[in-house]
1. Select from region 156-167 the residues that are modelled with pLDDT under 85 and either closer than 26 Å to M94 by Cα or open to solvent by less than 40 Å² (accessible area, probe 1.4 Å) (or both) and list them in ascending order.
2. Those residues that are modelled with pLDDT under 80 and in a helix (DSSP H, G or I), I need them from region 32-65; list them, please.
3. Taking region 62-102, which residues are among the acidic types (D, E) and within 30 Å of T47 (Cα to Cα)?
4. Tell me, which residue of region 171-204 that is among the polar types (S, T, N, Q) and either surrounded by 15 or more Cβ atoms within 10 Å (Cβ to Cβ) or touching a helix residue (DSSP H, G or I) at 6+ places or on another chain (Cβ under 9 Å) (or both) is nearest to T97 (Cα to Cα)?
5. For the list (1) open to solvent by less than 30 Å² (accessible area, probe 1.4 Å); (2) at pLDDT 85 or above, I need the number of the one condition that A141 fails.
6. Can you pull out every residue in region 27-78 that is charged (D, E, K, R) and open to solvent by 40 Å² or more (accessible area, probe 1.4 Å)?
7. If you go through region 108-132, how many residues are more than 22 Å from R38 (Cβ to Cβ) and of a type outside the set (A, V, I, L, M)?
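The values are calculated or read from the model by the stated rules, or taken from the named source; none is laboratory data. Note that the structure is a prediction, hence the values are computed from the model and not measured. Note: ideal-geometry Cβ built from the backbone for every residue, glycine included; neighbour counts use all protein chains shown. We work out accessible area using only protein heavy atoms, side chains counted, and drop any ligands, DNA or RNA first. Shrake-Rupley method; radii C 1.70, N 1.55, O 1.52, S 1.80 Å.
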Amino acid sequence: MIHLLFTVIVAEMALIMILLFKTPLRKLVIMGLDRVKRGRGPVMVKTVAGTVVVVLASSVYSMMKIEKRSIDAGAVNPTDQVLMAKHLLEASLMGFTLFLAWMTDRLHHYIRELRLLRKSMEAVKKQSRVFDDAKSGSEEAKAMEEEITNLKVKVKKLESECETKTKELKAAEANTVALRKQSEGFLLEYDRLLEDNQNLRNQLQSIDHGLSHSDSKKNM
């Protein structure tokens, strides 16, 4: 399961990197995400996310049981240490997977909103130009000027909204970079846990060997 979670995390990071840069591949990814969010796609995504949350809660509960068992026993069992490290790593990876999925959804949402705002701004500017060219006559000119004023207010409002969304997108990009660095830390922690796991297994084997040796002496 740990290898599967690492694969999902790498795929999500690659998807986020594609969304951050304007390339032809980005358009294909956005189209794919648009299709996923239609029909039964959201239900399937929510089902998978709910399953991951349940497994995450199970890992946390197992860690709490191991911690309680260690406190009651008054000593740390090497086997419990291995299980604790495994559950901790799985819980961390599942939480990171859910967070990256949420970041991908937010980036896709902001990119779509920016596109819609830009299209609206272009349409309003075109209407404003048409009104500027069509000004003729006193009464018609006054009505046109009023509409132009309203359109300019709308343009300013849309520009401010566009700037806000751009800032949010930049903040999301900064969070993505931070998450990428954090994932590298998780990979290093995973290597360390594997090494600790191997050391604990060697200790268990030596303990079992010592116990079997002592039992053989007693039988003699």
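1. If the condition is that a residue be modelled with pLDDT under 85 and either closer than 26 Å to M94 by Cα or open to solvent by less than 40 Å² (accessible area, probe 1.4 Å) (or both), then C162 is the only one that fits.
2. Within region 32-65, D34, V36, G41, P42, V45 meet the criteria.
3. Looking only at region 62-102, we keep the residues that are among the acidic types (D, E), and these are 67, 72, 80, 90.
Passing the criteria: only E90.
4. If we filter region 171-204 for residues that are among the polar types (S, T, N, Q), which is where we start, we get 175-176, 182-183, 197-199, 202-203.
Cutting the leftovers down to either surrounded by 15 or more Cβ atoms within 10 Å (Cβ to Cβ) or touching a helix residue (DSSP H, G or I) at 6+ places or on another chain (Cβ under 9 Å) (or both) gives us 175-176, 182-183, 197, 203.
Working: N175: 14, T176: 13, Q182: 12, S183: 10, N197: 23, Q203: 33 Å.
Only one residue fits best here, namely S183.
5. All conditions pass for A141, except number (2).
6. The initial filter retains those residues of region 27-78 that are charged (D, E, K, R), namely 27, 34-35, 37-38, 40, 46, 65, 67-69, 72.
K27, R35, K37, R38, R40, K46, K65, E67, K68, R69, D72 - these are the residues of region 27-78 that are charged (D, E, K, R) and open to solvent by 40 Å² or more (accessible area, probe 1.4 Å).
7. 10
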